[in-house]
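The values are calculated or read from the model by the stated rules, or taken from the named source; none is laboratory data. Everything numeric here is computed off the predicted structure, so don't read it as measured data. Ideal geometry is used to build each Cβ from the backbone, glycine not excepted, and the neighbour counts take in all protein chains shown.
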Amino acid sequence: MLSKDSNGCPYLILAPMEGLGDRCFRKTMAAIGGFDEAVTEFMSVPSNAHVKSLAAIYQANETAPIPLAAQIMGSDPALLADMAVELEKRGARRIDLNCGCPSKTVTGRGAGSSLLKDPNFLHENASALVKAVSIPVTLKMRSGYADTTLFKENLLAAQDSGIAFLTLHPRTKVDGYGPPAKWDLIAEAKALLRIPVVGNGDILSVEDAKRMLSHTKCDALMIGRGSVMNPYIFHEIRHHFADSSFCPTIDDQLQFLNLFLQNLPIGMPDRLKVNKFKQIFSYLLKKNPEIRQLILKSTFDSFTPFFDYSLNILTENKI
């Protein structure tokens with residue numbers, strides 16, 4: 001299911017990103033296109049969860065025609081399995097188990113990257129999902145919790161659970177997002193495992209994508225924050241493999257922002273709209289600093305009362 005396109009471009013996945021890659025962002029990215037699949041931010045399944053109401057959050061056609069995988073997170077194999085069944089009923093094309101979230105509120109409940117403390121428990125949770133549904137089950141993990149002592153054990157436990165493929169973000173829970181991703185670990189996972197390995201971490205350009213593929217021999221690429229800084233990065237990668245070039249213009253970036261504004265939920269308070277706009281805009285500025293002045297001179301189709309306040313923020317250089 002991770003097949004290359006006719007030009008040899010690897011399968012490209014829009015990463016799940018808590019607090020950043022929400023429905024609004026995914027829908028906007030789907031309108032831009034260029035990738036093969038998107039993944040929801042994790043849906044937490046706590047011990048008191050009503051899985052039917054949680055699963056209702058998932059909308060299979062949200063990014064249509066690009067398929068949307070459902071990522072879930074928890075530490076109760078039975079509840080995770082129940083959640084997976086409900087998501088399959090709602091049209092999920094695959095279920096992804098989160099074994100990477102470093103948040104203290106998550107790891108304190110034994111979920112996310114805490115599953116990497118015990119390969120046997122990781123296996124128990126993943127295999128419960130595999131047995132519960134007929135669609136592919138996959139797993140996204142970090143390289144370890146405090147360190148990489150159990151790295152190989154966790155990889156093999158995940159593979160032995162029956163998952164279809166594994167995505168590796170090669171930082172530990174303790175690393176957070178700080179130090180450079182250790183791509184050598186992706187290469188190590190690829191050499192060790194029989195199942196496909198998806199590389200994730202620090203892919204911010206076409207050159208990064210080329211280097212990861214060459215260095216790690218991974219089967220596919222997952223891109224998260226790189227796609228927020230440059231929403232057209234997937235198109236750039238595809239054009240590279242097609243022996244053509246594509247360089248998004250400032251107008252393209254303005255189009256992305258305009259679409260993002262259109263996709264903000266109806267009824268969302270202005271304060272929250274401003275915060276979402278600031279968040280996305282701050283990432284775009286990292287790659288396109290010149291966009292600040294251009295946006296102040298541009299007319300957006302999606303002007304709303306809250307936007308005047310956003311423009312004041314931009315003018316005052318608060319982001």
Could you list, in sequence order, all residues of the range 8-36 that are farther than 28 Å from L272 by Cβ and out of contact with any His (no Cβ under 9 Å at 6 or more places or on another chain)?
G8, P10, Y11, L12, D36
If you check A128, A181, which single one turns out to be surrounded by 19 or more Cβ atoms within 10 Å (Cβ to Cβ), in the same structural domain as I95 (by TED's automatic domain parsing) and without any contact (Cβ under 8 Å) to a residue 24 or more places away in the chain?
A181
A164 vs (1) touching a residue at least 60 places away in the same chain (Cβ under 8 Å); (2) outside any loop (DSSP other than H, G, I, E, B); (3) among the aliphatic types (A, V, I, L, M): all pass except (2)
Could you list, in sequence order, all residues of the range 219-229 that are in contact (Cβ under 8 Å) with a residue 40 or more places away in the chain and either surrounded by 21 or more Cβ atoms within 10 Å (Cβ to Cβ) or within 13 Å of G199 (Cα to Cα) (or both)?
D219, A220, L221, M222, I223, G224, S227, V228
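Quick grid of which residues meet (1) assigned to a helix (DSSP H, G or I); (2) in contact with a Phe, Trp or Tyr (Cβ under 6 Å, 6 or more places away or on another chain); (3) surrounded by 18 or more Cβ atoms within 10 Å (Cβ to Cβ):
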{"position": "A189", "(1), (2), (3)": "yes, no, yes"}
{"position": "I203", "(1), (2), (3)": "no, no, yes"}
{"position": "D208", "(1), (2), (3)": "yes, no, yes"}
{"position": "H215", "(1), (2), (3)": "yes, yes, no"}
{"position": "P231", "(1), (2), (3)": "no, yes, yes"}
{"position": "F234", "(1), (2), (3)": "yes, yes, yes"}
{"position": "C247", "(1), (2), (3)": "no, no, no"}
{"position": "L261", "(1), (2), (3)": "yes, no, yes"}
Within the range 31-60, residues outside any loop (DSSP other than H, G, I, E, B) and either buried (at least 21 other Cβ atoms within 10 Å of the Cβ) or of a type outside the set (A, V, I, L, M, F, W, C) (or both) come out as E37, A38, V39, S44, K52, S53, A55
List, please: which pairs have Cβ atoms under 8 Å, are six or more places apart or on different chains, and start with a residue in the range 1-13 that is under 15 Å from G33 (Cα atoms) and end with one that is exposed (fewer than 12 other Cβ atoms within 10 Å of the Cβ)?
Y11/S3
Exactly one of these conditions fails for F277: (1) outside the structural domain of G34 (by TED's automatic domain parsing); (2) at pLDDT 80 or above; (3) assigned to a loop (DSSP other than H, G, I, E, B). Give me its number.
(3)
